[in-house]
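Working notes for the structure below.
Coordinate-derived values only; no laboratory data. Here the structure is a predicted model, which is why all the values come from computation and not from measurement. Note that each Cβ is placed from the backbone with ideal geometry, even for glycine, and that neighbours are counted across all protein chains shown.
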Amino acid sequence: MKLKNLITLTAAAFAAAPTFADINIGIIASLTGPAAALGAETKKAIAMFPSTVGGEKVNFILLDDATDPTSAVKNVRKLISEDKVDVILGPNLISTATAMADVANAEKTPMISVAPLDVSGDKRGYVFRSEPSADLMVNRIVADMVESGAKTVGFIGFSDSWGELLLKALTKATEGKINIVASERYGRADPSVQAQVLKVMSAKPDVVFVGASGTPAAMPQITLRERGYKGKIYQSHGVTSKEFLRVGGKNVEGALIPVGPVLVAEQLPDSHPAKKAGVAFVKDLEAKNGPDSRSTFAGASWDAWLLAQNGIVAALKGKAKPGTPEFRAALRDGIEKTSKLVGTNGVYTMSANDHAGYDASSIVLIKVENNHWKLVK
């Protein structure tokens, strides 16, 4: 089935609807800076977004946050005050998403993060998320560690909010099951992790978890293998791009990664709810970008659009016009009422108490095999 057939809205549903002003959607991504590889994946998804919803024209305004929270805040303020956007998609990192969320809530403009931002408590409001939480993903790999008989784990992760989030998730998931015998941190732009690797290896962990993302996540695994570490190495779901495979080469072979299902869509059992949508998305994405150009980041960005589309459809049924506070409020409410939305990267059910809504059963475990992604279970 063609991807467009999965999202097409029937004209009859809007036959009597009034003609509105254009719907403006702001998108913020890391197109430059250390997280540029992630932003490039978001850009792939954007190229596939439709130009209309319910007969109304949709404009997409893409801005680069340069992997910098200050730039992200400047961009989101511009999108809201100058471009009068009705919803914001992105960004790619928790640090930029955290800064943006405060503005989105204050300005009552819906935002759908493709970074695993915590959207509980004060952050909930107008902020939603299409990416599964770090807790869900880390739980998946810890379950595999336990199943394989591991008793100890070493951690090497970023010295930023993403690394901290993954370490906290690992600490919580391993409690009473596996001992964390070493914990080392490094910067995204650091040229070497030799010292950190030697400290972790000296603790002789059964397995190692690299809490990083993008191409910088390859460095610890490369160094571990070059230093002779033979145990299993787990990576976070933040590494699933072709660039990670290119940079890591043979040294990232065997890496175990928890992911949303789109990365291995064709390998999924027919019973997996996201298989049909995932296969259709991958087919269209790779037709535009070449073989093996898929990524969970592109999938999460597409799913963010599907959630936004849900909100737009709901808002168009009312009398409020795009560009107004009333339309944004209706759009927000529409997203919050999302129920069992099957995306490319999972299934989503939002509620007033849950603005993430990701079904944990969608997560699969994969490994790198012959420079490709291989479904494990």
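The table below lists the values:
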{"quantity": "Computed over the chain, the ratio Rg/Rh where both radii use C-alpha atoms and Rh is Kirkwood", "calculated": "0.98"}
{"quantity": "Under-5 Å amide H pairs with LYS321, H placed in peptide plane, nonlocal only", "calculated": "PHE327"}
{"quantity": "The range 316-377 versus the range 21-62: alpha-carbon centroid distance in Å", "calculated": "16 Å"}
{"quantity": "Bins of 10 Å from zero: percent of alpha-carbon pairs in the range 105-171", "calculated": "18, 40, 27, 12, 3"}
{"quantity": "Net charge contributed by nearby residues that have their C-beta within less than 13 Å of ALA212 (K/R +1, D/E -1)", "calculated": "-2"}
{"quantity": "Student exercise, the chain dipole from Lys, Arg, Asp, Glu Cβ charges, in Debye to nearest 20", "calculated": "500 debye"}
{"quantity": "Convex hull projection area averaged over all views, the range 134-259, Cα basis, nm²", "calculated": "6.5 nm²"}
{"quantity": "Shape category assigned to the range 166-235 from the gyration tensor of Cα positions, a/c cut at 1.5", "calculated": "oblate"}
{"quantity": "Diffusion constant of the range 271-362 at 25 °C, which comes from Stokes-Einstein with the Kirkwood Cα-pair radius and 0.890 mPa s, µm²/s", "calculated": "173 µm²/s"}
{"quantity": "Within straight-line cross-link reach of LYS123, lysines at Cα separation under 21 Å, skipping those fewer than 8 residues along the same chain", "calculated": "LYS74, LYS78, LYS108, LYS168, LYS337"}
{"quantity": "Estimated vicinal HN-Hα couplings, Hz - the range 281-289 in sequence order (Karplus 6.51, -1.76, 1.60; Gly, Pro = x)", "calculated": "5, 4, 4, 6, 4, 6, 5, 8, 10"}
{"quantity": "Built amide H within the under 5 Å cut-off of LYS84, gap 5+", "calculated": "none"}
{"quantity": "Global size of the range 76-192 as Cα Rg and Dmax, reported in angstrom", "calculated": "17.3, 56"}
{"quantity": "Whole-Hz ³J(HN,Hα) from phi, Karplus 6.51 cos²θ - 1.76 cosθ + 1.60, for the range 183-193, glycine and proline x", "calculated": "9, 10, 10, 8, x, 4, 9, 4, x, 8, 10"}
{"quantity": "10 Å Cβ shell holding at most 13 others, DSSP loop, GluC sites (Glu not before Pro): longest site-free stretch of the chain", "calculated": "176-377"}
{"quantity": "Interchain or long-range residues, amide H under 5 Å from SER183's placed H", "calculated": "PHE155"}
{"quantity": "Nearest-20 debye value, the range 134-259 charge dipole, Cβ charges on Lys, Arg, Asp, Glu", "calculated": "240 debye"}
{"quantity": "Relative packing of peptides 290-301, 151-162 - highest average C-beta neighbours within 10 Å first", "calculated": "290-301, 151-162"}
